[in-house]
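Laboratory data are not the source of any read-out in this text; all were calculated from the coordinates shown. What you see is a predicted model, and the numbers here were worked out from it, not measured in a lab. Backbone-built Cβ (ideal geometry, glycine too); neighbour counts: all protein chains shown.
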């Protein structure tokens, strides 16, 4: 399937204009565009502009709400529960993290639960928000949508979603070291991209509707109604166990919804719940000790002889930095995703009276 390249500034403007036409105020539209394009720039197309059609569907179905501020449900100084009120996740999660970081600056630590947000996108983005302000953070996130997407270890049918686990801390030179991964073998969005490109999935990632191993991502999307396949957890029982912890801490503990049939009545919406632990690492001891020890350890790890399968031993966050440099002049968008984005823009035009028009008019081969 053919691939197109779009300048980051063009893609950002189109996304901003789409959400302004949809009804977002200027700040919200900016936050959404910032987040989605940043995900593409980091190489995480699964959480980039390709999510826009689903967001538009959730809006037009009446589930996703625009221009929401998170509501403080419980406030015990360094312990907070916020409700996202079904608002755009890129906006309400930014606001929630801003509050948590302010509290961590004041008290040294903040444990913040955010519940009932629409899809908050790439959670590493929120870890980077904390690191930029001198904080470190740990995030446990669940997701609720329909249908379920991931089978438990040893199971032959999906029961939950891709529940990411995330950690962010500044490296010895100040660069963010960010661990951010789905607890499934691949993210659902990556399966969507493989499906749009008509490409096969890596082995060990998928089972079909009968529980048999497969490399065909179509099992996640066809037929639209009826039995589907499932993603598998990464690292067998270890990924499954971590996914359960994300569900329990991110949702059950914060008062959010877990992935049960009673909570899966939506069509396109994705609800996220997140428990974030944000803390000031400077309060734990002298910063120069961390700098010296972290630098020495990283240098030791990177000194290992290469096996021949990669060109360099990388730290968490390095692949994203490489990809940002490689995509500075253009972000790749496959034809299937581009068609879906054009359809989303047309749907906004029909519902709201205006839109930025087809994105396909702005592509460069």
First measure r as the distance between the Cβ atoms of residue 263 and residue 221, then evaluate 1/(1 + (r/R0)^6) with R0 = 30 Å and state the FRET efficiency to the nearest 0.05. 0.85
Cα shape, the range 80-149, gyration tensor, a/c 1.5 rule: prolate
Stokes-Einstein translational diffusion, the range 106-250 - Kirkwood Rh over all Cα pairs, 0.692 mPa s, 37 °C, in µm²/s: 203
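At a Förster distance of 35 Å, what's the computed FRET efficiency of residue 210 paired with residue 253, Cβ-Cβ distance as r, to 0.05?
On the way: r = 35 Å, r/R0 = 1.00.
The calculated FRET efficiency here is 0.50.
For a distance above 26 Å, tell me the whole-number percent of Cα pairs in the chain that qualify. Numbers along the way, then the final one.
Values: 34532 of 66430 pairs.
Result for the distance tail: 52 percent.
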Would you mind computing, in nm to one decimal, how far apart the modelled labels at residue 329 and residue 79 are, each placed 7 Å from Cα along Cα→Cβ? 5.5
Which residue fluctuates the most in the chain, going by a Gaussian network model with Cα springs under 10 Å, if the choices are 330, 255, 154? 154
With a 10 Å cut-off between alpha carbons and a GNM built on the chain, which of 25, 139, 47 moves the most? 25
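Between residue 71 and residue 175, what's the calculated FRET efficiency when r is the beta-carbon distance and R0 is 45 Å? Round to 0.05. Show your work: numbers first, answer last.
On the way: r = 35 Å, r/R0 = 0.77.
FRET efficiency, residue 71 to residue 175: 0.80.
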Could you check the spin-label model distance between residue 106 and residue 13? Points 7 Å from the Cα along Cα→Cβ, value in nm. 4.1
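So if each residue of separation counts as 0.36 nm, and I subtract the Cα-Cα distance between residue 322 and residue 61, what length gain in nm does that give?
Values: separation 261, 0.36 × 261 = 93.96 nm, distance 3.82 nm.
Full extension of this stretch gives 90.1 nm more.
How much length is gained if the chain between residue 301 and residue 198 is pulled fully straight, taking 0.36 nm per residue apart and subtracting their Cα-Cα distance, in nm to one decimal? Each step should come with its number before you reach the end.
Values: separation 103, 0.36 × 103 = 37.08 nm, distance 3.80 nm.
Length gained between residue 301 and residue 198: 33.3 nm.
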Sorted by packing (mean other beta-carbon atoms within 10 Å per residue), highest first, where do 114-120, 28-34 land? 114-120, 28-34
The chain, Gaussian network, Cα under 10 Å: of 285, 50, 108, the residue fluctuating most is 285
Hydrodynamic radius by Kirkwood for the range 185-232, inverse mean 1/r across distinct Cα pairs, in Å, is 10.3
